[in-house]
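Below is one structure, written out as structure tokens; comments come after it.
The values are calculated or read from the model by the stated rules, or taken from the named source; none is laboratory data. All values derive from a computational prediction rather than experimental measurement. A quick note on method: Cβ atoms are made from the backbone with ideal geometry, for glycine too, and the neighbour counts reach across all protein chains shown. Accessible surface areas use protein heavy atoms only, side chains included; no ligands, DNA or RNA. Shrake-Rupley method; radii C 1.70, N 1.55, O 1.52, S 1.80 Å.
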Amino acid sequence: MAKVRIYQLARELGMDSKELLEVLDEMGVAYKSHASTLDEETAETVRELVYEQREEARKRAEEERRKALPKRPPVVVIMGHVDHGKTTLLDYLRKSRVAEREAGGITQHIGAFEVETPQGTVVFIDTPGHEAFTTIRERGAKVADIAVIIVAADDGIMPQTKEAIAHAKAAGIPMIFAINKIDLPTADVDRVMQQLMQEGFVPEAYGGDAIVVPISAKTGQGVDDLLEMILLVAEMEDLRADPEAEPRGVILESRMDKKMGPLATLLVQQGTFRVGDYLLADDVWGKIRAMIDSAGRQVKEARPGKPVQVLGFREVPPAGTEVEWVPDEAAAKEIAAERKEERREQELKARQAARARNLADLLRQMQAAEQKEVNLILRADTQGSLEAIKGIIAKLQTDEVRINLLHADLGAPTEGDILLASTTENAVIFAFGVNPPGSVKKKAEQKGVILKTFRVIYDLTDELKKLVEMQLEPEYQERVLGHAEVRAVFKLPKGGRVAGCYVTDGKIVRSAEVRVLRGGEEVWRGRIESLKRFKEDVREVAAGYECGIKLAGFDGFEEGDVFEALEVVEVARA
Ligand code: GDP
């Protein structure tokens with residue numbers, strides 16, 4: 001086995017011999033000096049151990065780096081059944097808790113707001129219901145850290161409560177249950193607790209770990225407890241972000257303002273955005289002209305966890321779009337243009353796919369439709385022939401096919417006729433006794449429109465008949481190919497039975513359908529599994545010959561049975 005000297009291995013692993021010797025000591029490997037040899041197996045174990053130690057060290061460093069990062073406020077989404085109090089709770093929090101606004105500032109709805117508590121800041125997503133939450137999640141962005149599931153104490157868990165729970169679960173974020181409306185005499189907190197247990201959440205009061213806080217969004221009772229619980233959960237989640245990292249964020253809400261142009265609320269996720277920075281929200285670029293927070297204050301910079309309304313996007317970036325920082329205008333414009341181009345291509349492809357789908361659907365619909373239609377544009381030389389043809393058409397109508405006279409007129413077909421035919425399903429143009437000009441013929445070719453001219457009425461009606469037939473479902477008929485009589489039945493060694501037959505008339509074809517007849521009655525119908533002459537597989541056997549037939553899925557034939565071979569043929573309808 002290949003051997004390796006200690007100093008060679010140390011060089012390979014990018015370490016001093018002395019360091020490696022320490023590792024060997026740790027492992028209890030005996031050696032004389034750094035020139036001693038190790039067998040390949042030991043060397044491999046040493047390598048693995050060194051790699052493992054390095055990986056651990058890297059993780060430790062990373063964790064330490066993370067732990068050294070400043071904390072960021074939790075972002076909370078409130079979800080629950082309609083009328084259970086989401087809006088009331090948000091209003092209460094906004095009114096009572098949002099930092100005193102500065103002179104001139106107006107508390108605004110920007111899609112999120114910050115609540116200051118002695119223990120820290122909490123950011124609430126300010127769009128009641130989970131529309132915002134889900135659209136943002138649909139775009140793949142993770143915004144909320146904690147979900148408050150609000151349940152009215154007088155109503156209990158309802159369908160949308162379950163939905164909200166499912167959303168939070170899908171997002172993988174912790175939940176806090178707020179049992180609301182406890183000020184009502186009809187409130188029954190215990191009942192809600194019971195229901196929560198049925199959903200698999202055991203409240204802390206019952207010895208479980210589900211956090212449940214009874215509140216009244218109306219009076220504010222319990223809201224402090226709720227905030228405390230949120231901060232406690234946030235503490236456990238250990239939410240941190242690097243304010244020095246390259247700035248990144250997510251659009252929470254956006255709209256077009258008549259005076260100010262595109263407005264978008266940005267939730268900063270890492271790094272710090274500053275007024276004057278260039279940014280990109282997918283294919284929309286912008287330069288931050290101003291930032292306004294939820295208390296209506298103009299801010300110069302926004303750190304992780306801060307929701308700010310940004311002025312300066314060139315267009316309105318949709319909610320859920322991730323925002324990146326870019327160094328300068330040139331880069332911002334260039335990347336935005338590239339992405340727009342990409343998007344156009346993707347949309348085109350999607351549209352084409354959709355169109356292909358629609359066409360297929362249409363065809364299927366037509367096939368499924370009870371009545372088929374032939375759309376006819378008729379041109380004739382005289383009023384007399386026109387009327388005659390119309391009369392014949394009326395007779396050709398069947399229950400299944402309708403000849404729809406789109407347009408009937410005197411004179412040669414026009415370009416307008418071609419246009420009409422090209423935009424109508426199953427449309428054809430028949431001209432009797434008139435010749436279309438060359439330009440019209442060419443147009444018909446270009447558009448793939450069928451345009452036919454006739455001199456004899458009989459030819460025209462004949463062609464029309466054919467067209468009607470094409471629209472009809474083909475009729476199927478069974479044709480008897482031949483018969484074979486079962487003369488002997490053989491058992492196969494591997495199981496199953498083979499009929500030793502004699503073909504009495506016609507022929508037996510391998511691919512045919514077979515009816516097994518006993519005393520003239522059909523006892524089975526199906527397919528042939530194998531058809532043999534002596535040991536040879538054959539495609540068909542003619543009358544007067546013997547053959548072995550194994551049926552696919554039926555062994556119950558007897559001596560004297562007759563196998564009838566059938567073929568199914570499509571027949572044109574009269
Ligand atoms: P949402 O559909 O979840 O946003 O529910 P709302 O916040 O609009 O509340 C629905 C109704 O319940 C409103 O009439 C509120 O005034 C009322 N409501 C909400 N919270 C409370 C509460 O704590 N106590 C009482 N008594 N009524 C409440």
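Things to note:
- For region 39-46, backbone phi angles converted through the Karplus equation (6.51, -1.76, 1.60; θ = phi - 60°) give residue-by-residue couplings of 6, 4, 5, 5, 4, 5, 4, 4 Hz, Gly and Pro being listed as x.
- For Lys491, the lysines whose Cα falls under 26 Å of its own Cα, not counting residues fewer than eight places away in the same chain, are Lys507, Lys532, Lys535, Lys550.
- Relative contact order computed over region 248-338 (Cα-Cα under 8 Å; 6+ residues apart), in percent: 38 percent
- Carbon + sulfur, % of accessible area of the chain - ligands and nucleic acids excluded, 1.4 Å: 49 percent
- Relative contact order of the chain, defined on C-alpha pairs under 8 angstrom at six or more residues apart (%): 9 percent
- DSSP-defined antiparallel bridges as percent of all bridges, the chain, nearest 5: 70 percent
- Point-to-point label distance, Glu41-Gln194, nm (Cα→Cβ direction, 7 Å offset): 6.7 nm
- Nitroxide proxy distance, nm - points 7 Å out along Cα→Cβ at Arg527 and Lys95: 7.5 nm
- DSSP finds beta bridges in region 134-263, and of those with both partners inside it, around 20 percent are antiparallel.
- Among 76-88, 283-295, 232-244, 483-495, the order from most to least packed when residues are scored by Cβ within 10 Å on average: 76-88, 283-295, 232-244, 483-495
- Proximal aspartates and glutamates relative to Lys340, as straight alpha-carbon distance under 18 Å, when same-chain residues fewer than 8 apart are discounted: Asp282, Asp283, Glu315, Glu322, Glu324, Glu329
- Net length gained if the chain between Tyr7 and Asn435 were fully extended (0.36 nm per residue, minus Cα distance): 144.2 nm
- Surface/4 of the Cα convex hull for region 3-68, nm²: 4.6 nm²
- The count of lysine pairs in region 3-68 whose Cα atoms are under 29 Å apart, excluding pairs fewer than 8 places apart on the same chain, comes to 5.
- In this structure the amide hydrogen of Val148, modeled in the peptide plane, comes within under 5 Å of the amide hydrogens of Val77, Ile78, Met79, Ile176, none closer than 5 places in sequence on its chain.
- Over the chain: helical MRE at 222 nm, DSSP H runs n ≥ 4 each giving -39500 (n - 2.57), nearest 500: -11000 deg cm²/dmol
- For peptides 520-530, 377-387, 60-70, sequence by mean Cβ density within 10 Å, most packed first: 377-387, 520-530, 60-70
- Less than 5 angstrom separates the built amide H of Lys507 from those of Gly482, His483, all sequence-distant by 5 or more or on a different chain.
- Spacing of the two label points (7 Å from each Cα toward its C-beta) at Gln221 and Lys333, in nm: 6.2 nm
- Over 25 Å between alpha carbons, listed pairs Lys95/Lys181; Lys142/Lys258; Lys86/Lys142; Lys395/Lys442; Lys441/Lys466: Lys142/Lys258; Lys395/Lys442
- Rounded to the nearest whole angstrom, the semi-axes of the ellipsoid equivalent to the chain, taken from the Cα gyration tensor as √(5λ), stand at 71, 47, 32, largest first.
- In the frame of its principal axes, region 175-297 has Cα extents of 53, 34, 25 Å, reported largest first.
- Taking the square roots of five times each eigenvalue of the Cα gyration tensor of region 430-547, the equivalent ellipsoid has semi-axes of 56, 16, 13 Å, listed largest first.
- Averaged over residues, the count of other Cβ atoms within 10 Å places the peptides 15-24, 169-178 in the sequence 169-178, 15-24, highest first.
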